[in-house]
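As structure tokens, the structure follows; a few thoughts come after it.
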Amino acid sequence: MKNRQGKPSVEELARELGLEIVAGEKGSGRLIEDGYCGDLLSDVMGNAPPGCIWITIQGHQNIVAVALLREMAAIVIAGGFTPDNDTVLRADQEGIPLLRWPGSSYELAGKLHAIGIKGEDPDKGK
């Protein structure tokens, strides 16, 4: 599933894991550099690394603003939740891939880790 850079694209990951792309398909070629999981927007704004795929249960349009701020590769809404219409429109306008996952955030994070998207090492640089 990984390309020459060793990183999967959003589109490749969606196909591999059965994620539904609901918006922002024009950005689906972005490479996934890292992963982040969280629902507290202030935490995500302060800690999510650029190029990550963000797993959340939030479905309002503020998630698109956070993804733009942190230069994320994509957002996955887990738990079977559905983004509201304004969120879908904003993600399309901004080219931020917005995906859906029917299972839990925990389950998806495990799958991402297993295929090599490890997340940031908290001991890195120490």
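Since every read-out is calculated from the coordinates, none of them should be taken as a lab result. As the structure is a computational prediction, the values presented were derived from the model and not from experiment. Reconstructed Cβ throughout: ideal geometry from the backbone, glycine too, with neighbour counts over all protein chains shown.
For the stretch 36-65, filtering for residues that are assigned to a strand (DSSP E or B) and out of contact with any Ser or Thr (no Cβ under 6 Å at 6 or more places or on another chain) leaves 5. Kindly indicate whether GLY80 is on the phi > 0 side of the Ramachandran plot and touching a residue at least 24 places away in the same chain (Cβ under 8 Å). The answer is no for GLY80.
Among the residues of the stretch 39-58, those identified as crowded, with 19+ Cβ neighbours inside 10 Å, of a type outside the set (Phe, Trp, Tyr) and within 23 Å of GLY18 (Cα to Cα) are CYS52, ILE53, ILE55, THR56, GLN58.
When LEU68 is tested against (1) under 20 Å from GLY80 (Cβ atoms); (2) part of a helix (DSSP H, G or I); (3) of a type outside the set (D, E, K, R), just one condition goes unmet, and that condition is (1). Total residues in the stretch 33-90 satisfying the condition of being under 13 Å from the mean Cα position of the chain (by Cα) and under 24 Å from LYS111 (Cα atoms): the figure is 33.
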